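In what follows, a structure is listed as C-alpha cells, so that the remarks can point back to it.
Every number here is computed from the coordinates shown, using simple stated rules; none is lab data. Every value quoted in this text rests on a predicted model; they were computed, and no experiment measured them. We place every Cβ from the backbone using ideal geometry, glycine too, and count neighbours over all the protein chains shown.
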Amino acid sequence: MIKTRFTEMFGIKHPIVQGGMQWVGRAELTSAVANAGALGFLTGLTQPTPDDLRKEIKRCREMTDQPFGVNLTILPTLVPRPYGEYIDAIIDSGIKIVETAGNNPKPFLPKMKEAGIKVIHKCTSVRHGVTAEKVGVDAISMDGFECAGHPGEDDVPNLVLLPAAANVIKIPMIASGGFADARGLVAALALGCEGINMGTRFMATKEAPIHQKVKEQIVASDERSTALILRTMRNTSRVYGNSVAKKAIEMEGEGKTIQEIGPIVAGAKGRVVYETGDMEHGIWSAGTCMGLINDIPTCKELVERIVAEAEQMIRGKLAKAIAA
Ligand code: NAD
C-alpha cells in the first residue's frame, strides 16, 4: 500500500484518481474505480441538467459504497450551463468531494465548504495552483502539457511543472497529464506529488462506458496521435488527431471564429464517437499517454497493477541504486 496525505485526506486506499472526462465519467466507470480503492469522479456536465446529475449520483451510489466525487469544469461552452445549479445538485445529493477545473473556483467555494465538501482544483500552471491554495481549496491536481483536454496556454510539461509547483504549494498535490503506469506514479511521488490523476488510461478499461472501438484505437495509437485545437482562441484542447481535429485546425488557420468552428468541435458530436465507435464523427479527448497504453484491463486490475509495480520499483530497483 502506498499511503500519502492525499489518500488520508480523501479516505481512499490507493493514490490514484480518475479525473473528470466529458461523456466518459459516468456511474459505470466511477463506481468501478471507487470499488478498486481509487477515487473516481462523475463528470457534472456530462449530465444535461442538474436533475440528471442528481439521478446519476444516486445510480453511482447503488453501484458502490466507497467515496467518489463530482467534477465541475468551468470553461466556455457553446450552450451556457447553469454552474450554480449543478453545485446545488452536488450539495443536496450529499457529495463530499468535488474536482473543479477550468476557472478559479472561488465564487463556489463558500457554499461547498459550508456543506463540508473537500475541493480538489485542477489547474495547469503554478500561479493558478498558488491562487487556488490561497482561496481555500483542499488539494491541487496539477495538469501538465501532456494531458488530454485543456492543457492551458503555457505548454509546460510535468517534469518541470510538478516540482516547480511543489516548491511553493503546501497542500496535497496530485499529478495529472501523461500518467498511465507504475513508472508514472513513482515519478509523481519523486516530483513532489502525493498521487496521480489518470483520464485516457481509464478510458481503455473494461468498465469505461464507451464503444470498444475507442478503447482499441487508444491501444493502437501512440504518443504522437493527438492534436491541439482551439489554440487561436486561447482555449487549447488536446484531442485525438482525427480528420475532424485537422479540419478544425485548418479553419482556425483561416481565421474562423468559434461560431463557425463550433459545429465541428461540439461535444455533442464527440459523444456520438463514444456511443457508436464512428471515430471520425467528431472531436474526442485523448492524451499523449496513449503511447503507454497497451491493454484494456478492468479498473481493479489496472489500479492494483500500478500500485504493486510501483511498490516493487521503490523497494527493488530504486533502493538498490543507492551505492553501499
Ligand atoms: P461544447 O460542445 O460546449 O464546446 C466544444 C469545445 O469548444 C469545448 O472545448 C469548449 O471549451 C469550446 N468552446 C465553446 N465555446 C467557446 C468559446 N466561446 N470560446 C472558446 N472556446 C469555446 O463543450 P462540451 O464538449 O460539451 O464540454 C463541456 C465542457 O467540458 C466544456 O467546458 C469543455 O471544455 C469541458 N471539457 C473539459 C475537458 C477537460 O480536459 N477537463 C475535456 C472535455 C471537455
Practice prompt. Please work out the Cα center distance from region 201-245 to region 145-173, rounded to the nearest Å.
Written response: 20 Å
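Kirkwood Rh over Cα pairs of region 226-285 into Stokes-Einstein at 25 °C, 0.890 mPa s: D in µm²/s? Each step should come with its number before you reach the end.
Values: Rh = 11.3 Å.
Diffusion coefficient, whole number: 218 µm²/s.
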Worksheet item: When Lys and Arg each count +1 and Asp and Glu each count -1, what net charge do the other residues less than 9 Å away from residue 232, Cβ to Cβ, add up to?
Response: +2
Discussion item. Shape verdict for region 138-248, please, from the Cα gyration tensor: rounded (a/c under 1.5), prolate (a/b greater than b/c) or oblate.
Written reply: oblate
Worksheet item: So what J values fall out for region 209-219 if you push phi through Karplus, 6.51 cos²θ - 1.76 cosθ + 1.60 with θ = phi - 60°, rounded to Hz, Gly and Pro as x?
Response: x, 9, 4, 3, 5, 5, 4, 5, 5, 4, 4
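Compute the Cα gyration tensor for the chain, then decide on rounded, prolate or oblate, letting a ≥ b ≥ c be the square roots of its eigenvalues: rounded whenever a/c is under 1.5, prolate when a/b is larger than b/c in the other cases, and oblate in all that remain. Mind showing how you got there, number by number?
Working: a/c = 1.34, a/b = 1.17, b/c = 1.15.
Taking the square roots of the gyration eigenvalues as a ≥ b ≥ c, the chain is rounded.
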Discussion item. As a test, work out the antiparallel percent of DSSP beta bridges whose residues both lie in the chain, rounded to the nearest 5.
Written reply: 20 percent
Worksheet item: Which of 113/170; 58/122; 96/213; 58/206; 58/113; 213/320 have a Cα-Cα distance over 30 Å?
Response: 96/213; 213/320
Practice prompt. Take every Cα-Cα distance within region 236-324, group them into 10 Å bins from 0 onward, and report for each bin the whole-number percent of pairs it holds.
Written response: 14, 29, 22, 16, 13, 5, 0
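Could you list 237, 221, 176 in order of exposure, starting from the residue whose Cβ has the fewest other Cβ atoms within 10 Å? Show your work: numbers first, answer last.
On the way: 237 21, 221 18, 176 35.
Neighbour counts put them in this order, fewest first: 221, 237, 176.
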Practice prompt. Pull up all non-local amide H partners of residue 97: gap of 5 or more, or a different chain, and H-to-H distance under 5 Å with H placed in the peptide plane.
Written response: 70, 118
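May I ask you to sort 5, 26, 224 by Cβ crowding, counting other Cβ atoms within 10 Å and putting the fewest first? Each step should come with its number before you reach the end.
Numbers: 5 14, 26 20, 224 10.
Ordered from fewest to most neighbouring Cβ atoms within 10 Å, 5, 26, 224 come out as 224, 5, 26.
Relative to the Cα centre, what is the charge dipole magnitude of the chain, using +1 at the beta carbon of each Lys and Arg, -1 at the beta carbon of each Asp and Glu, and rounding to the nearest 20 debye? Provide the component values of the computation, followed by the final result.
Details: 38 positive and 37 negative charges, 115 e Å.
Magnitude of the dipole: close to 560 debye.
Which semi-axes, in whole Å and largest first, does the equivalent ellipsoid of region 170-324 have when worked out from the alpha carbon gyration tensor as the square roots of 5 times its eigenvalues? Before the final figure, lay out the partial values.
Working: eigenvalues 234, 70, 30 Å².
So the equivalent ellipsoid measures 34, 19, 12 Å along its semi-axes.
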Worksheet item: For region 230-241, in order, what is each residue's ³J(HN,Hα) by Karplus, 6.51 cos²θ - 1.76 cosθ + 1.60 with θ = phi - 60°, in whole Hz (x at glycine and Pro)?
Response: 6, 4, 5, 9, 6, 9, 3, 9, 8, 10, 5, x
Worksheet item: Given Cα pairs under 8 Å that are at least 6 residues apart, what percent is the relative contact order of region 5-208?
Response: 19 percent
Worksheet item: What order do you get for 73, 49 when you list them from fewest to most C-beta neighbours inside 10 Å?
Response: 49, 73
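Over region 226-285, what is the mean sequence separation of C-alpha contacts under 8 Å (at least six apart), divided by residue count, expressed as relative contact order in percent? All intermediate terms of the calculation are to be shown ahead of the outcome.
Values: 85 pairs, mean separation 19.3, N = 60.
After rounding, I find 32 percent.
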Worksheet entry | Under the Karplus curve 6.51 cos²θ - 1.76 cosθ + 1.60, θ = phi - 60°, whole-Hz ³J(HN,Hα) for region 284-301, x wherever Gly or Pro sits | 9, 6, 7, x, 5, 5, 3, x, 10, 9, 10, 7, 10, x, 6, 4, 5, 4
Practice prompt. Please find, in a Gaussian network model of the chain (springs between Cα atoms separated by less than 10 Å), the residue of 286, 115, 34 whose mean-square fluctuation is greatest.
Written response: 115
